[in-house]
Amino acid sequence: MHSMIKEISVFLPAYNDEKTIEKLVLDAISVLGPLGLDYEIIIIDDCSRDDIGKIAQRLLESQKRVKLVQHKKNKDYGGVLKSGFAHAAKEWIFYTDGDGQYDIKEITRLLPYTEEYDFINGYIFKRQDSFYRLIASKIYQLCLGIFFGRTLTYTNCDFRLIKKEVIDRIKINSNSGFAPAEMVVRLMRNGVKVKEVLVSHFPRQYGHSQFLDFKKIWNLLSDFLRFLIRK
């Protein structure tokens, strides 16, 4: 496959993802290497309580393009995204979650659209999550459409490829799980050309989602309301 881009930063938000992070990194290398891209892979360890730091250090020693950013305290999902964008140095930036529910090798589905679009986002045909999370996600997506107008088919599909110059034009204020939606809304309000591409989604094999944690939901709702008021 011929890539339309020359360089890319890949960052992986990770929190207690010791079981999945190494495979994600090695899968990314197996795809990006043969494409001849100038790439870097950045693991964002959001103060994990497992051995992800040790695993990341081992990867750093064996893979020269891998970098590690370790937070001294948990910054929540929005804080991780802002950290990832701040450390990404290449022309294009890709990120996906460190829990392994997306196949990072499917980045090749997004790359062909970089010639025409500045923001390429995955969308899921069949999401592999619990019933409660599926319901919560549908309600959340409905609310985003009601209050902010057109967004994406699935705004919280964190499988994204974005041109650095367009992400640098906006400021993400949210530190919570609302940050991806804020980012999407701001990019679309700025007239960024968006393409959605079908990607796979897999059941979580290890750990558990942070999405339904009461404190995180409260923080998300607070950021949602602040953004709604400020517009």
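Would you please put 217-225, 43-51 in order of how densely packed they are, using the mean number of other Cβ atoms within 10 angstrom per residue and starting with the highest?
Ranking, from highest mean packing down: 43-51, 217-225.
Place a point 7 Å from the Cα of Ile146 along the Cα-to-Cβ direction; which residues of region 159-193 have their backbone N under 19 Å from it?
178, 181-182, 185
Net charge near Ile167: determine it from the other residues with C-beta under 13 Å of the C-beta of Ile167, scoring Lys and Arg +1 and Asp and Glu -1.
+3
For the chain, what does the relative contact order come out to in percent, with C-alpha contacts under 8 Å and a separation of six or more?
Here the relative contact order equals 25 percent.
Which of the pairs Lys163/Lys195; Lys82/Lys215; Lys82/Lys105; Lys138/Lys215; Lys23/Lys171; Lys90/Lys171 have their Cα atoms more than 22 Å apart in this structure?
Details: Lys163/Lys195 13 Å; Lys82/Lys215 20 Å; Lys82/Lys105 24 Å; Lys138/Lys215 20 Å; Lys23/Lys171 32 Å; Lys90/Lys171 19 Å.
Those over the limit are Lys82/Lys105; Lys23/Lys171.
Students often check this: by mean Cβ neighbours within 10 Å, which of 82-92, 6-16 ranks highest, and how do the rest follow?
6-16, 82-92
Every number in this text was worked out from the coordinates using simple rules, so none of it is lab data. Fair warning: this is a prediction, and the values are worked out from it, not measured in the lab. No Cβ is skipped: glycine too gets one built from the backbone with ideal geometry, and neighbour counts run over all protein chains shown.
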